[in-house]
Each structure stands twice: as C-alpha cells, then as structure tokens.
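A quick write-up on the structure given underneath.
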Amino acid sequence: MVIPQLYSIKEIEKQYDTGELPVLVTCSDMNAYICKYMRSSSAAYKLVSELVGALFVKAWKIASPPCAFVQIKTEHWAAIQTPRNLSAPCWGYLELQGVMDVTSSTYIEIENNLNTWLQLLKIALFDFWIANEDRTYNNANLLYDMQNRTLISIDYGGIFNTSTFEYPLSQLMPTDTILYADIFHHLKRNANDVQLGKMINEMEAYYRVNIKESYECVDFILHSIPAEWNVRISLVEHKLHELFDSIWLDEVWSNFKDCLIQNFQA
C-alpha cells in the first residue's frame, strides 16, 4: 500500500461551502483533487479520521475515490482567505468524473437491484464499525457511478463519533445511519424475507473477514500520519485498537443486524 505524495501545479480552482471548506486543486499527476487541510489542532484529528477511513474502506473493498497527500504551494492559496497551516500536507481525494451526488432527490436514479442494495449494506456496516456519524438519512455522503452501477463512499471526518478521540466509541443510533434513508428503501424493493436472511449471513461472513484485513493496516496507518499534523500518535493508536475490541465487534454486529431488520420491515 502506497499513498501518493503530490503537490499543486496551479492556483486553487474552487473552494466548496461544505463544513470543512475543502478546495479543488490540480496536482503534479495532472489530476484534480478535493483537498482538506489543517486549520487548527482539532482539524488535524479530522484529517487523521479522513486518512483512517479512506484506508480502512479500501481494506473492506468498498469503492472510494483514490487519495493522496497534497502539498499546496503558498502562492496557489492566493484567492483563498481561510486560515490554514501552509507547512502541513493536505489530504486529497481524486475528483471523479461521470458520477452523481446521491441526494434526497437523485437517489431514484440508482438502479434498484440486489447488487446495489448489497453495496449499500456493506457501506452501512462499515459505518457501524467505524462509528461514522456523518452518513445519515439526510446526508448520504455517497456518489453513484451510473456507467458501472457502483455506489462510492466519500468523506470520513465523521468517523470515531465525529473524531472524538478522547472518549470511548459509542454505537450509532438507527436513525443516524444510511439504513434509515430513502435510498435504503428504494434499493431493497426487490428483496424479500428469504433474501434478507441470505444477505445477513453473507454480511456476517464479509464482516469477520474484513475486520482481519483492516487490522493488518493499523501499523501502516500509524506510520503514515504526517508529523506536521502534530497529533498524539498514542491517542490515535488507542482509538484504532478500540475498533478491534471483541466486545465492540460483537455489539457492532448486533446493532447493525437489529437496525437492518427493523428498517427492512418498516
């Protein structure tokens, strides 16, 4: 596993008005990246969450944009007034082409079959495990590749209960997950109770295998955190190991299964 190290080659093209005020910049590999950057000490832990989520989601074999460390040159910030730490590398996601932002009005464009429903369940289970509070019934944080019929997971600043590193992990509530969203009911239309039971069995096997795959990424993640982000590595390490605690793992599966059945029957 290698995280590319890129740098900007021209001025920032755009600043988004979402919570972290990310910017769009063309980089040294000639691609555009949506970059999140260090604005304060607390923002640094949000960057760690982005890194952790992006690497773990790949271990789970869930589609997500390619990522990179991006050094935006001082002169390329000219049009952006947001305070930031110029010496700290940004965390960038490749700007994807030919994808649709999944919203409350666009989800009906997604093909409603068992394959896309399974994709959604895998993303939901990942969120339960990693305590992602930023993918909810009214905020999908998903893209949809219409040509390849693939759901693409984005944004991980809300993992660890919205980057709460100093407190124990807590379970998601049923209404705080994508399982409560209109997209879930849209995609499960072709499923019945028999297929639900089959999906649950498949999901549990998938869960156990990918927990093992994720654990193998822990050391790489810890060694990948830039020193310029100035975070307590011991704190991050403790939080990562919480994810693999046997009690947490069992409670996650039980919570996910109960929420899935509850919302399937709703």
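Tell me the strands (runs of 3 or more DSSP E) entirely within region 2-103 that contain at least 1 residues that are closer than 25 Å to ASP219 by Cα and more than 16 Å from the chain's Cα centre (by Cα).
Once the strands (runs of 3 or more DSSP E) in region 2-103 are filtered for at least 1 residues that are closer than 25 Å to ASP219 by Cα and more than 16 Å from the chain's Cα centre (by Cα), what remains is 5-7, 67-71, 90-94.
Go through region 137-161 and give me each residue that's assigned to a strand (DSSP E or B) and touching a residue at least 12 places away in the same chain (Cβ under 8 Å).
Those that are assigned to a strand (DSSP E or B) and touching a residue at least 12 places away in the same chain (Cβ under 8 Å): LEU142, LEU143, TYR144, ASP145, THR150, LEU151, ILE152, SER153.
Which residues, counting only those in region 246-257, are surrounded by 13 or more Cβ atoms within 10 Å (Cβ to Cβ) and not aliphatic (A, V, I, L, M)?
Answer for region 246-257, where residues must be surrounded by 13 or more Cβ atoms within 10 Å (Cβ to Cβ) and not aliphatic (A, V, I, L, M): TRP248, GLU251, TRP253, ASN255, PHE256, LYS257.
Within region 191-223, can you find the residues that are of a type in the set (A, V, I, L, M, F, W, C), farther than 29 Å from MET1 by Cα and touching a residue at least 12 places away in the same chain (Cβ under 8 Å)?
Once the filter is applied, which keeps residues that are of a type in the set (A, V, I, L, M, F, W, C), farther than 29 Å from MET1 by Cα and touching a residue at least 12 places away in the same chain (Cβ under 8 Å), region 191-223 yields ALA191, LEU196, MET199, ILE200.
Pairs only if they're at least six apart or on different chains, beta carbon under 8 angstrom, first in region 162-190 and in the same structural domain as ASN113 (by TED's automatic domain parsing) and assigned to a loop (DSSP other than H, G, I, E, B), second of a type in the set (S, T, N, Q) and surrounded by 22 or more Cβ atoms within 10 Å (Cβ to Cβ); list them, first residue then second.
Listed by first residue and then by second, the contacts come to LEU172/ASN132.
Could you say which residue among ASP176, ASP145 is of a type in the set (Asp, Glu) and modelled with pLDDT under 95?
Matching residue, one of ASP176, ASP145: ASP176.
Please state which one of LEU55, LEU24, LEU51, LEU96 is out of contact with any Phe, Trp or Tyr (no Cβ under 9 Å at 6 or more places or on another chain) and under 29 Å from ASN148 (Cβ atoms).
Answer to the check: LEU96.
Which one of LEU240, LEU235 is touching a residue at least 40 places away in the same chain (Cβ under 8 Å) and loosely packed, with under 15 Cβ neighbours inside 10 Å?
Among LEU240, LEU235, only LEU235 is touching a residue at least 40 places away in the same chain (Cβ under 8 Å) and loosely packed, with under 15 Cβ neighbours inside 10 Å.
The values are calculated or read from the model by the stated rules, or taken from the named source; none is laboratory data. Note that this is a predicted model, so its numbers are computed, not measured. We place every Cβ from the backbone using ideal geometry, glycine too, and count neighbours over all the protein chains shown.
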